[in-house]
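Trainee: The structure is given below, and queries will be raised subsequently.
Derivation of every value follows stated rules applied to the coordinates shown; laboratory data play no part. These numbers were taken from a predicted model, which means no experiment stands behind them. Glycine gets a Cβ as well: all are built from the backbone with ideal geometry, and neighbour counts include every protein chain shown.
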Amino acid sequence: MILQCLIIFSCLAVGELIVMFTGIKFPSSIIGMILLCTLLKIGVVKYEKIKDVANFLISNMGFFFIPPGIALMLYFDIIEAQFWPIFVSALVSTIIVIAVTGWVYQLSNRKRNG
């Protein structure tokens, strides 16, 4: 279990170092996740080596959203003042994500089926 945590948190730490040294404006957690995904894909890390901790984190994902959700209460006045721009941007970005996801699925499905 400790080795599983070490693998996952090492990827997160490397993502943090990449952001720190390059200065890119990209979330370090996303870079760490991409790194972990790449390591899994190329076979450096085996799924069996991290599956217990990964399943635990996924099954308790809602718990990790509680602090940011509570922190939003501090900004209700700003959110209220900017409600429509926030709403429209969330709606448009959701539609774009759904469309791009469908397009990528169709493209990959075409390549897979010939």
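Trainee: Using Cα positions and a limit of under 12 Å, work out the aspartates and glutamates in reach of Lys25, with same-chain residues fewer than 8 apart set aside.
Mentor: Glu16
Trainee: Considering only DSSP states other than H, G, I, E and B, which chymotrypsin sites (Phe, Trp or Tyr not before Pro) in segment 24-97 qualify as loop sites with at most 10 other Cβ atoms within 10 Å?
Mentor: Counting only loop positions with at most 10 other Cβ atoms within 10 Å, the chymotrypsin sites (Phe, Trp or Tyr not before Pro) in segment 24-97 are Phe65.
Trainee: Ok, one more. Calculate for the chain the 222 nm mean residue ellipticity that helices alone would give, adding -39,500 (n - 2.57) per DSSP H run of length 4 or more and normalising by residue count, nearest 500 deg cm²/dmol.
Mentor: -27000 deg cm²/dmol
Trainee: Can you run the Rg to Rh ratio on the chain? Use alpha carbon positions and the Kirkwood inverse-distance Rh.
Mentor: 1.05
Trainee: Please enumerate, by chain and number, the lysines with C-alpha under 20 Å from the C-alpha of Lys111, excluding those fewer than 8 residues away in the same chain.
Mentor: Partners found: Lys41.
Trainee: Additional query: Can you grab the distance from the C-alpha centre of segment 64-114 to the C-alpha centre of segment 45-59, Å, no decimals?
Mentor: 26
Trainee: With r defined as the distance between the Cβ atoms of Leu39 and Ile2 and R0 fixed at 25 Å, what FRET efficiency is calculated, to the nearest 0.05?
Mentor: So the FRET efficiency works out to roughly 0.85.
Trainee: Further question: Return a whole-number percent for the relative contact order of the chain, with Cα pairs under 8 Å and 6 or more residues apart as the contact set.
Mentor: 21
Trainee: Out of segment 21-81, which trypsin sites (Lys or Arg not before Pro) are coil in DSSP terms and have no more than 14 other C-beta atoms within 10 Å?
Mentor: Answer by residue number: Lys25, Lys46.
Trainee: Moving on. Tell me, what is the percent relative contact order of segment 1-64, built from C-alpha pairs under 8 Å that lie six or more residues apart?
Mentor: 37
Trainee: Between Glu48 and Ser89, what length comes free when the chain is fully extended (0.36 nm per residue of separation minus the Cα-Cα distance, one decimal in nm)?
Mentor: 10.8 nm
Trainee: In segment 66-114, if every C-alpha pair distance is counted and binned at 5 Å from zero, what percent goes to each bin?
Mentor: 5, 18, 12, 15, 14, 10, 9, 7, 6, 4, 1
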